[in-house]
Each structure stands twice: as C-alpha cells, then as structure tokens.
Amino acid sequence: MPVHARVLIVARDDAVAGPLAEGLDRLGWRTITARGPYAATAALGDMDIEVAIIDATGVFEDAVALSKRLKAACGPRRLPVIAIGAPDPQLEASAFDLTLAPPIHPAQAALRLESLTRMTIAEEEFELRAETFAEHGRHLDLPQEPTGAYRVLAIGEPTPQFLALSNALARTGAEVVGAFTAYTAFDYLHERAFDAVVLWAGENQAEAMSIATGMRRNTRLYHIPALLYLQAPAEIGLAEAFHRGISDLATPEVPALETAKRVIELARTYRRQNAIRKALDVARSSGLMDAPTGLFTRDLFAAHLARLVEASRKRNRALSLCVLRVADRPELALARRNGWLDRAVPQIGSMVGRLVRAEDTAARLAPDVFALALPATGHAAARAAGERIAAVVACTAFEAGDNRPPFVVEFDIGVAELEDGEGAASALERAAAKALHLKAS
C-alpha cells in the first residue's frame, strides 16, 4: 500500500521524533521517519515531501550538512528544513528555515509547518513572477530583509522572571519595548513594526491568551510570532494555546538566554517571510497591472499561467484555477444598466486581490470576471478560497445612486485543478465553464 507522506523526519531514535510523528499524523501531516542520510535522500526521491525535520540535538555539524544535502536532492522544488535543537547563532542561517527547541508539541509543529510551506511556495512564486515581469520589460527587486536589530514587544507585568528574559533579549542585541497592559500593547503594535512578541502569562494567563487571539484576528498582525512565557509549567491546554496563535512556549525554568535565542529565531523567520510577501506585493506598482483593480491583466495572466503550469509539473505540485464571475441576479439589473456596477468593479477587484494569499495570482479577465491561480492547492482548497472571497464581497454594500438602496454582488464560482498533460488554456476554460454552468442552473 503506497505511503503518501508530507513530512520527512530524520532522527537516530524515537525519543523526540516518535511522539512528534504520532501527533503530526493525527493532525493530517502524514510523516515518514528516516534513520540516516541515505534513507532520507531515498524518501525524497520516492515521495512528494513538503518539509523535512531533522533531530539535530547535539549533532549540529552533521545536521547542517544533511540539511543542505536534502535541499539539493529535492530540486527544483524548494524544501524547507526545520532543526530540532537549541537555536545557535553560530549556525549557518541558510541551512535551516527554522530551529525549534524540544520538547515540541505537535500542534505547535503543525502551525510552523503550515507557515513554512506557504513561505516556500511564495519564494517559488516570486521566482516565476520575476521571470514573467522580465519578459514584459519590468524588473522585480529581490526580497530585502531589514538589517537592524530585531524588534521585540514584551507584554506583561514587570516581574523579576519577565525582566530577566527582557534583559537576556537585550543582551542578544534585540531592541525590546515593554508594555504593561493589553491596551498599551495594541497601541504599540499599531504604531510600530515588531518582529516578535513575548507574552508574560504570570497570574493572568487569560489576558495573555486574549492578546494572542486578538493579534490573529488582525490581518496586519496575523503573522507576527508570539511566545507565551509561563510563570511555571501550570495547567494549560497546549493544543488550545497553539491553535489560538501562540508560536512557542517557555518557562523561567529554562535559562533566560536560551529562551531569548528561541524568540530571536522566530523573529528571523518572520522577517524572511515578511520580506517575501512585500516583494510579491510590489508587483501591484509595476505598471503592468489592471489600473482600476491592481490585478493582473488578461494578457499578463495568460503569460504567467503558462509558466505556473510548467513549474507545477517540474516541481510535482498541484495547481488549481478559480473563476469568479459576477452573477446575473435580477436585483443587479438596474445597477448594471445605470453603470453603478461598473463603478463598483474597481473596489470588488481590489478586495479580491487583498483576500488571496501572497503567493496566489489574481487577475481580471473581463469587466466582471476574475480568475485566481493557486499554486500547491488542490480542488477542495481552491473552492474554499473562492467561496471565502465571494462571502466577503457578498457582505459589502455598493452605492446605487440617489434615493436607491445599495446593492450587493454575488459570484458564480468555477474551479478546476490542473490534470496530467493538460494545458493552461484548457484548465482555465474548464473553470470558466463551471462558473457559467452554475449561472445556467
């Protein structure tokens, strides 16, 4: 029976890897474990592994070489590699995409896996987008990470334990800003840019958790990593904490300097991810986009889609297309006839562009028809993305003129996942035909 694993774990024994593999399997991240470099390389050749985890506790020199070997063996598909061990600033940053200190809760690992795999797809998309834009006479600058000190917001009461961690962060060269209350913390978060947040649970774990939840509900703050610093290994639902947005957990029982290194490691990864997202977003000001909406034009989308199809085959990744067509509902007839729908389309297109992930490509194919190309995304996830966008747009009221009630817009949605041997035009036609069929039915 074939094994369809997503995660390769390289470990000499099951002390750390065993519980992690079991937990990830339960969360839908199917794993396979290799005991050495040869078995690991063979697994990469036999399966479409999305991410590798190396148990590097005490053997960092071997782990660095192994990471580079696995990345090279996986080409042209990018392979993110996570190391399990104490973060060490002396390690080559290019060897690992993230280092996590044990013990690792499976829910924590699953969150980091999702984040890293999406970052990897975004990096691949940037390369493709740069090629497409170069063909059209535009140059995209490479992602640029800030070079200054990491900026960390420490939120909580100034207890001795928390001050010790703040001082340890400062000794690593980080710029630490303290906030004693949730109100002050969110003021800082909205006024300044931070690379990581440390939440002191202290006597009030609920408030720290509510701050993390509030960050995850804000699109601008969503990706900032947050470490929850517990007064002691108190009773806390670890899975709930990670699902509510906590990136890592620590207690004063761990040396403050070690915890500080873990915070810096999260900040380093965040800077890289943020730089890639910003580089992709710069395409909006390239002069090649559809001026009213900021989306890809029909011709630019066609050129880029052909490149996406070719890359998906070389990298053996899924690719799905989603077509969103403004539905011909009776209540829209007057708005369409009087030109109010045309006036609303730029806002609708802008919303579509902002609601997709950084690595997705959104285009305007016709006055009221939009398309999405979603790399490394299957049919079900692509439909969910289209329905989410449609639901947000359907909740928006658009002006219909004096003395007339505002109108809302609904989409007919068509989705097609690229099939073996299928061309870009054929896949797009299938998605468009499904949207038209929905309308006809």
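Points to keep in mind about this one:
- Largest mean-square fluctuation among LEU305, LEU169, LEU189, in a Gaussian network model of the chain whose springs join Cα atoms under 10 Å apart, belongs to LEU189.
- Integer Hz, Karplus 6.51/-1.76/1.60 couplings in order for segment 113-118, x for Gly and Pro: 4, 4, 5, 5, 5, 5
- Charge dipole (debye, nearest 20) of the chain; +1 at Cβ of Lys and Arg, -1 at Cβ of Asp and Glu: 840 debye
- Cα convex hull, segment 323-415: 83 Å³ per residue, rounded to a whole number.
- Each Lys and Arg Cβ is given +1 and each Asp and Glu Cβ -1; about its Cα centre, segment 300-386 then shows a dipole of about 220 debye.
- For the pair VAL392 and ARG171, a Förster radius of 56 Å applied to the C-beta separation gives a FRET efficiency near 0.80, rounded to the nearest 0.05.
- Probing with 1.4 Å while keeping every protein chain in the model, the per residue accessible area of segment 103-255 equals 48 Å².
- Just the protein heavy atoms count here, and of the accessible area of the chain at 1.4 Å, carbon and sulfur take up 53 percent.
- Only one residue of PRO346, ASN316, ASN403 has its Cα farthest out toward the positive end of the dipole of segment 290-441, where Lys and Arg carry +1 and Asp and Glu -1 on Cβ, and that residue is ASN316.
- Taking other residues whose beta carbon is less than 12 angstrom from the beta carbon of ALA380, and scoring Lys, Arg as +1 and Asp, Glu as -1, yields -1.
- Potential extension, ALA302-ARG244 segment - 0.36 nm per residue separation minus Cα distance: 17.0 nm
- Summary value for the chain: 12 percent relative contact order, contacts being C-alpha pairs under 8 angstrom separated by 6+ residues.
- The angle separating the long axis of helix 60-74 from the principal Cα axis of greatest extent in the chain is about 20 degrees.
- Lysine pairs in the chain whose alpha-carbon atoms fall under 28 angstrom of each other, counting only those eight or more residues apart or on distinct chains, come to 9.
- GNM result for the chain, Cα springs below 10 Å: residue of ALA416, ALA303, ALA267 fluctuating most strongly: ALA303
- C-alpha center-to-center spacing [segment 208-287, segment 323-342] in angstrom: 42 Å
- Against the chain, whose longest principal axis comes from its Cα atoms, helix 379-394 is set at around 70 degrees.
- On the beta carbon distance between ALA73 and ASP13, with R0 = 25 Å, the FRET formula returns roughly 0.60.
- The heavy atoms of LYS278 offer some 130 square angstrom of accessible surface to a 1.4 angstrom probe.
- With both residues required to sit in the chain, DSSP beta bridges show an antiparallel share near 40%.
- Neighbour net charge for THR213 - beta-carbon separation under 12 angstrom, K R +1, D E -1: +1
- The simple spin-label model puts a point 7 Å past each Cα toward its Cβ; for ARG216 and ARG354 those points are separated by 2.3 nm.
- Long-range tail of P(r) for the chain (Cα pairs > 42 Å, %): 21 percent
- FRET efficiency for the pair ASP420 and ASP342, taken as 1/(1 + (r/R0)^6) with r the Cβ-Cβ distance and R0 = 51 Å, rounds to 0.80.
- Here the label points at GLN144 and LEU288, each 7 Å from Cα along the C-beta direction, are separated by 2.0 nm in the simple model.
- Selection from GLN161, LEU199, TYR222, by position along the positive dipole direction of segment 126-251 (Cβ): TYR222
- HIS437, HIS105, ranked by accessible area, largest first (probe 1.4 Å): HIS437, HIS105
- The local environment of PRO405, defined by Cβ-Cβ distances under 13 Å, has a net charge of -2 under the rule Lys, Arg +1 and Asp, Glu -1.
- Under 5 Å, built H, 5+ apart or other chain: amide partners of ALA179: ALA154, ILE155, GLY156
- Between helix 160-171 and the chain there is an angle of about 80 degrees, using the helix long axis and the longest principal axis of the Cα atoms.
- Computed over protein heavy atoms with a 1.4 Å probe, the accessible surface of segment 329-441 works out to 49 Å² per residue.
- Within segment 30-177: Cβ-based charge dipole about Cα centre, in debye rounded to nearest 20 (Lys, Arg +1; Asp, Glu -1): 220 debye
- Pairwise centroid distance, computed over Cα atoms, of segment 83-162 with segment 345-396, Å: 26 Å
The values are calculated or read from the model by the stated rules, or taken from the named source; none is laboratory data. The structure displayed is predicted, hence computed values, not measured ones. Here the Cβ is made from the backbone with ideal geometry for all residues, glycine too, and neighbour counts use every protein chain on show. Note: areas computed on protein heavy atoms with side chains; ligands, DNA, RNA excluded. Shrake-Rupley method; radii C 1.70, N 1.55, O 1.52, S 1.80 Å.
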